[in-house]
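One structure is given here, and the rest of the page talks about it.
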Amino acid sequence: MAGITDLPFRIICKELGVDILYSEMLSSTGLNFTLQKNLEFVNSNKHDFPLFIQLFGNNPEHFALATNIIDKLPSIEKLGTKIGPRRPEGIDINFGCPVKKVMKQESGCALMRNPENAYEIIKAVVDNTTLPVSIKIRAGIDNVSAFDFLGKVAPLDWKTLMIHGRTFKKGFSGEIDCNLIKEIKEKYPERKIIANGGIFTPEKAKEILEKTNADGLGIARGCLGNPWLFSQIKEYFETGNYSTPTISEIKKVALKHCELIQKYKGKNQIVEMRKHLGWYFKGFPDAKKYRQELYTIESIEDVRNIISKL
Ligand SMILES: Cc1cc2nc3c(=O)[nH]c(=O)nc-3n(C[C@H](O)[C@H](O)[C@H](O)COP(=O)(O)O)c2cc1C
C-alpha cells in the first residue's frame, strides 16, 4: 500500500504474523531517472522478509531497466544488520491501481485495457530476473474481465496472481467476486492465486478462502491500525477462536511503530505516524476527544503523553 507499507510498518506486520510483505508501489520510470531517491522507498533489513517489491509504470523498457537494478541489489545476507535497498524475494507488477494520476499515465489498472502492453511489461520483468514474478490485477475494467486479461498474459512465466476481486468501477467498496477468483484458480491450477479485498476479520478471511479456494489471502486496509489481524487469522484457522489485543498491547505496538519510524526514516518523519495513530486508537473510549491531538503530534513524547490518557 502506497504511503503505508514502508519498512517500519512491514516490520510491525512481520512481528505479528504476516507471511509475505509487499513494498509500497515503486515507479519503474522514477527508478531509472532518480535512482537513489526512489530506492529509499524500498529500504529494507533482515527483519523485512520475505519481501516483494512492487513496480508500476507503463513503459516496458523502464520495467526492464528497473528489474535489472533491483535484481543486482545487495543480498539480504550482505546487508547484514544495516538498512538499505536489497534484492527482494520477488517482484510484483501493479495492474490494479485505480488512482486518477496513475490511470492518466496509462499505468496501474489502465493497463488491463491494454493487455498487449501489459504482456510486454511482464515479459520485460520476467526476462531480466531470476526472481519469482507476481502480478496484481482487478476483477476487470470496462468490458475487459480478469479472464480476458489473463488469457493474453498466460504464456508468460509469472508465478503468482494477486487478484483484487472488485472491478475498477467498484473501487474499494462492495463484496469481492469470489466465484471469479475460484474459476481463475480452476483455470490456472499451476499458479499461486491470492484473493484480495474486504478482509477485515478472521471470519471473513475464512469465508473468502473457502469460497475462492485461493492459495493465499491479500490484506490491505484490514491491517491499518490492526496488524494483529495476521496472527488472529492464523489462530482462528487453527483453533476456531482468536484473541484481541489489550489496550496496553495496542499502546506498546503503536509506540514501537513510532520508534521504528524515527530509527529508519528520521526523527522528523514521526508526523507520518499521525494517520496510523488515528487507526490504532479508533474505537477507544476517549479516542474522539484525543483524535485532534493525535493528528498534531510532533514527537514521540507527544505520543506518549496523549496515549497515557487513553
Ligand atoms: C491507501 C492505499 C494504498 C494502496 N496502495 C496500493 C499499492 O501501492 N499497490 C497495490 O497493488 N495496491 C494498493 N492498494 C490497494 C490494496 O492493495 C487492495 O488491493 C485494496 O485496498 C483492496 O483490499 P482491501 O479491501 O483489503 O483494502 C492500496 C489501497 C489503499 C487503501
How charged is the neighbourhood of Gly3? Take every other residue with its Cβ under 11 Å from the Cβ of Gly3, and add Lys/Arg as +1 and Asp/Glu as -1.
-2
Highest mean packing first, using Cβ neighbours within 10 angstrom, the peptides 2-14, 56-68 sort as 56-68, 2-14
Of the listed pairs Lys182/Lys234; Lys123/Lys185; Lys275/Lys309; Lys206/Lys256, those with alpha carbons more than 27 Å apart are Lys206/Lys256
In sequence order, what are the phi-derived ³J(HN,Hα) couplings for the range 91-107 according to the Karplus relation 6.51 cos²θ - 1.76 cosθ + 1.60 with θ = phi - 60°, rounded to whole Hz, with x for glycine and proline?
10, 10, 10, 8, 10, x, 5, x, 5, 3, 4, 6, 4, 4, 8, 6, 10
Residue pairs, from the table Lys252/Lys282; Lys37/Lys82; Lys101/Lys187, whose Cα atoms sit over 27 Å apart:
Lys101/Lys187
Using a cut-off of 9 Å between beta-carbons, work out the net charge of the residues near Asp48 (Lys and Arg +1, Asp and Glu -1, Asp48 not included).
+4
Excluding Glu61 itself, calculate the net charge of residues whose Cβ lies under 14 Å from the Cβ of Glu61, where each Lys or Arg counts +1 and each Asp or Glu counts -1.
-1
What do you get for chymotrypsin sites (Phe, Trp or Tyr not before Pro) in the range 134-211 restricted to DSSP loop and a cutoff of at most 12 other Cβ within 10 Å of the site's Cβ?
Phe172
Under-5 Å amide H pairs with Gly218, H placed in peptide plane, nonlocal only:
Ala195, Asn196, Gly197
Under a point spin-label approximation (7 Å from Cα along Cα-to-Cβ), what is the Lys82-Arg291 distance to one decimal in nm?
4.4 nm
If R₀ is 41 angstrom, what is the calculated FRET efficiency for the pair Asp142 and Arg274, using the beta carbon separation as r and rounding to 0.05?
0.65
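Read-outs throughout are calculated quantities, based only on the coordinates presented, and are distinct from any laboratory measurement. Here the structure is a predicted model, which is why all the values come from computation and not from measurement. Positions of Cβ are backbone-derived with ideal geometry, glycine not excepted, and every protein chain shown enters the neighbour counts.
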